[in-house]
Each structure stands twice: as C-alpha cells, then as structure tokens.
1. Residue check, T54 against (1) in a loop (DSSP other than H, G, I, E, B); (2) out of contact with any helix residue (DSSP H, G or I) (no Cβ under 9 Å at 6 or more places or on another chain); (3) at pLDDT 95 or above, all met but one. Which one?
2. Give the residue, chosen from L35, L41, L120, that is in contact with a strand residue (DSSP E or B) (Cβ under 8 Å, 6 or more places away or on another chain), of a type in the set (A, V, I, L, M, F, W, C) and within 23 Å of A165 (Cα to Cα).
3. Just to be sure before I move on: is G64 in a strand (DSSP E or B), under 18 Å from the mean Cα position of the chain (by Cα) and within 30 Å of N261 (Cα to Cα) in the structure I sent?
4. Kindly evaluate R24 against the criterion of being basic (K, R), out of contact with any Gly (no Cβ under 7 Å at 6 or more places or on another chain) and part of a helix (DSSP H, G or I).
5. Taking only the stretch 266-299 into account, find how many residues are in a loop (DSSP other than H, G, I, E, B), surrounded by fewer than 16 Cβ atoms within 10 Å (Cβ to Cβ) and of a type in the set (K, R).
6. Which residues, taken from the stretch 116-135, are buried (at least 16 other Cβ atoms within 10 Å of the Cβ) and either among the hydroxyl-bearing types (S, T, Y) or in a helix (DSSP H, G or I) (or both)?
7. Looking at (1) in contact (Cβ under 8 Å) with a residue 12 or more places away in the chain; (2) within 24 Å of Q101 (Cα to Cα); (3) over 23 Å from the mean Cα position of the chain (by Cα), can you tell me which one Q238 breaks?
8. If the requirement is being buried (at least 18 other Cβ atoms within 10 Å of the Cβ), free of Cβ contacts under 8 Å to residues at least 60 places away in the same chain and aliphatic (A, V, I, L, M), which of these qualifies: A30, A61, A10?
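The values are calculated or read from the model by the stated rules, or taken from the named source; none is laboratory data. Nothing here was measured: the structure is a model prediction, and the numbers come from that model. Positions of Cβ are backbone-derived with ideal geometry, glycine not excepted, and every protein chain shown enters the neighbour counts.
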Amino acid sequence: MATERLKYPAYLGLSQKEFEERVRALYELASPCRLCPRRCLARRAQGERGFCRTGLRPWVASFGPHFGEERELVGRYGSGTIFFSGCNLGCVFCQNFTISQLGEGQEISVEELAKIMLRLQDMGCHNVNLVTPTHQAPMIVEAVGIAREEGLEIPLVWNCGGYEAVEALELLAGVVDIYMPDFKYGDNAAAAKFSNAPDYFQRAREALSVMHRQVGDLVVRNGIAVRGLIVRHLVLPQGLAGTEKVLRFLREEISPDTYVNIMAQYYPTHRAWEYPELSRRITSGEYREALALAQALGLRRAGPH
C-alpha cells in the first residue's frame, strides 16, 4: 500500500474560512474559559482572569532561537521559541516560575505576535516553538493565521504541560505540526500536591491520545522534526513522577515508537524546598532505573534526547 505523503506545515492546508472558524471557536472557549481541564469559567471578555491570570491578549515573556531543546528541533539554526507568560499548572518546582507564576512578561497585540513568528523564521529557525501555549490558544492561532498570509511556512510546535482540554485540542487539528507535551505524573496524588492538578493523569492520557491521533509518531526529515509527537518526562526524586505508569501508557496505548525524552535535569527550585521529598536532585540510580524501564517496556525511541 502506498504511504500518503505527509504535508507540512499543516496550517498551510487550511482555508481562510477554516482558520477564522477555529479562531472564533477558541475565543468562545476562552470566555467563559474552558480552554484547559480546570474549566474555571473566567469571563475573560469581561476582564476576569482565572487560574492562569491571562486575558485576551498575547502575554509574552521572551522569544528567540533556542539551542537547548531536542536535537531534532534545534538543528543548525535553533528552535524558534516564544515563551508565553502564565500557566494552567501550578508546579511547585517550575524552573520557569518567574514567567509561569510570577507574572514576568508583557501583553502585546496579536499582530505583534504574528511578526515575532515571522522574525523567528527570518532568523533561520527550523520551527516556531510555542512554550506554555495552552491558555493562550485563541490568540496564538489567530496570529498564525495572520503570519501565514505574510509567508510563515515552518512547523508549529505545541510545547505544553500535558494538561490539555480535548475540546481545545480538536480545534488545533490541522494547525499544529508537532505536539510536545510534558507527561509529568502517573500519580494523581502527586499531581494534586505538586501541581494543583488532581486529575492530571486522566487528562494527560486523553490529551496525548488526541495529539497522537492528529499527528502520529515523530517524523524527521534531514535531521529536523517536521511532524508528530514528542513526549517529555521529568524524573523526580523517590519515584514521585510515577514513571512506570507513564511509560507503560505510552507503550501500550500510544505507540512503541513514541519519541520520549526521559529527562534527568530536575533540581529544587521555586517552592520545592517546602517539600522534603522534592528538596534534592535525583540520583544516577533513579535515572538509570527510568531508562531501564523504558527499555524493558519496549519503547524504541525513549531515552535522553
């Protein structure tokens, strides 16, 4: 059977009418807000701000080529990252806490966000890497629609915390090329305690299933990722991340070819010192155990990336 040729960036295949419909539907989800599983119902259109403290304008902390991402995203010229302020999670160990929780950043217009995307492309970046985009989905998609009319033609990376609403993800089908969610926890008790997300495991499972259905396993062309799913899993001390349950789900319910970056860079920061179980780095033995689990389960593309 002939394999259908993958088309990317996906958003170039959407008509203007389809783009406008996606944007309108996402803004409807934003007020009252149901963009993430919290469904806080903040009436953003009336000035209310919910858990993420975000309104209806793009809220950006920084942007530029980034060379610390997975090598398939970085390539030679870097991943074009845009760090969005605010977050729909409340991780006590967040390494970007000044952006995600302390309000660092500036509100800009959608048109300015589109110009940032085009500037990253002009700088040679291989993709537009949207970091913590979940709570700003309407503004982001609107900006992509503007930017593509001005020549944007590099893949979009949805670099999120894994706590996504299926209803919003469905509206990103045909817009996002690469989903890159964290899969933080295989245990809801830990998710509730450390990220204020007591239903994290169920919601992440639902979200990753939708993501994989949309884009499939990671596709790499000439060393650069162009489409597919990249999963990040940060190993926490004392097995707090529930690594075995996370990896088993990916192997059994997503794909044995899921690209999984098993990360060892945890260190105590922000409020982690308030929790004795999080107040140290992981050991080399804890990390080796996570890698051995991935190998034993048959995850062929899991490891340090």
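1. Evaluating T54 over (1) in a loop (DSSP other than H, G, I, E, B); (2) out of contact with any helix residue (DSSP H, G or I) (no Cβ under 9 Å at 6 or more places or on another chain); (3) at pLDDT 95 or above leaves (2) as the failure.
2. When all the criteria are applied, what remains is L41.
3. Values: in a strand (DSSP E or B): yes; under 18 Å from the mean Cα position of the chain (by Cα): yes; within 30 Å of N261 (Cα to Cα): yes.
Here the answer is yes, as G64 does meet what is asked.
4. yes
5. Residues in the stretch 266-299 being in a loop (DSSP other than H, G, I, E, B), surrounded by fewer than 16 Cβ atoms within 10 Å (Cβ to Cβ) and of a type in the set (K, R): 2 in total.
6. Residues of the stretch 116-135 that are buried (at least 16 other Cβ atoms within 10 Å of the Cβ), as a first pass: 116-118, 120-121, 125-135.
Within the stretch 116-135, I116, M117, L118, L120, Q121, T132, T134, H135 meet the criteria.
7. It fails just one condition, (2).
8. Numbers: A30 fails: free of Cβ contacts under 8 Å to residues at least 60 places away in the same chain; A10 fails: free of Cβ contacts under 8 Å to residues at least 60 places away in the same chain.
Of the residues listed, the single one that is buried (at least 18 other Cβ atoms within 10 Å of the Cβ), free of Cβ contacts under 8 Å to residues at least 60 places away in the same chain and aliphatic (A, V, I, L, M) is A61.
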